[in-house]
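Asks: Attaching a single structure in structure tokens format; questions to follow.
The values are calculated or read from the model by the stated rules, or taken from the named source; none is laboratory data. Please read all numbers here as calculations on a predicted model, not as lab measurements. Cβ: placed from backbone, ideal geometry, glycine included. Neighbour counts: every protein chain shown. Ligands, DNA and RNA are excluded from the accessible area calculation, which covers all protein heavy atoms including side chains. Shrake-Rupley method; radii C 1.70, N 1.55, O 1.52, S 1.80 Å.
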Amino acid sequence: ITIASGATLADTSGIANTGTITGAGTISANINAGGSGTITALGSAANQILNLTGTVNTGQTLAIDSTFAGTTLEISGTATTGNAIAISNANQNLEIGAAGNLTINASESISNGTINMVSGSKLTMFGTVAASTTLSGTGTIIASGGTLDFQGALPSTLALQIAAGSTL
């Protein structure tokens, strides 16, 4: 499924994604459990956003294309993935919206790009975030599932939490 820039994919029954969804627009449907597909923010020009406003259940792989500057995967709902989100290029942006809550249950190795947290947002993860990664915003980052290693400076506007059995 390809979502055209600015378009919305909606389904009140939810979507069982076992294939690939790409584009820049909005997915307002829930992505049901049981699927093992891939959802990729993929713009056709600079500064395009794929916004997930529904619930994304575990099983989906989330990805951000690096072709155009400012390609953004925005989580405005609740999303859980068992796969790391590959962020290794300055063109890749991950944004957690004001009501967004993203849990990544695989070790991350983010080596570049931008993570932007909007006030009220939560990002739960473990792994490594390189110094070359830009972190901004006012949300909460929770170390959970292992060690979370920030190798660069963190903005004082971000709140940090450590789940039981984890290390920051």
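Asks: Go through (1) more than 15 Å from Ser66 (Cβ to Cβ); (2) in contact with a Ser or Thr (Cβ under 8 Å, 6 or more places away or on another chain); (3) buried (at least 21 other Cβ atoms within 10 Å of the Cβ) for Gly127 and report which single condition fails.
Replies: Among (1) more than 15 Å from Ser66 (Cβ to Cβ); (2) in contact with a Ser or Thr (Cβ under 8 Å, 6 or more places away or on another chain); (3) buried (at least 21 other Cβ atoms within 10 Å of the Cβ), Gly127 violates only (3).
Asks: Given the conditions (1) open to solvent by less than 10 Å² (accessible area, probe 1.4 Å); (2) assigned to a strand (DSSP E or B), and given that Gly35 satisfies all but one, which numbered condition is not satisfied?
Replies: Evaluating Gly35 over (1) open to solvent by less than 10 Å² (accessible area, probe 1.4 Å); (2) assigned to a strand (DSSP E or B) leaves (2) as the failure.
Asks: When segment 11-25 is examined, which residues are found to be of a type in the set (Ser, Thr, Tyr) and either open to solvent by less than 40 Å² (accessible area, probe 1.4 Å) or part of a loop (DSSP other than H, G, I, E, B) (or both)?
Replies: Matches in segment 11-25: Thr12, Ser13, Thr18, Thr22.
Asks: Can you tell me which of Thr103, Thr67 is touching a residue at least 12 places away in the same chain (Cβ under 8 Å), surrounded by fewer than 22 Cβ atoms within 10 Å (Cβ to Cβ) and within 10 Å of the chain's Cα centre (by Cα)?
Replies: Being touching a residue at least 12 places away in the same chain (Cβ under 8 Å), surrounded by fewer than 22 Cβ atoms within 10 Å (Cβ to Cβ) and within 10 Å of the chain's Cα centre (by Cα) holds for just one of Thr103, Thr67, which is Thr103.
Asks: Does Ser119 satisfy the criteria of being closer than 25 Å to Ser44 by Cβ, of a type in the set (Gly, Ala, Ser), part of a loop (DSSP other than H, G, I, E, B) and open to solvent by 30 Å² or more (accessible area, probe 1.4 Å)?
Replies: Against the criterion (closer than 25 Å to Ser44 by Cβ, of a type in the set (Gly, Ala, Ser), part of a loop (DSSP other than H, G, I, E, B) and open to solvent by 30 Å² or more (accessible area, probe 1.4 Å)), Ser119 does not qualify.
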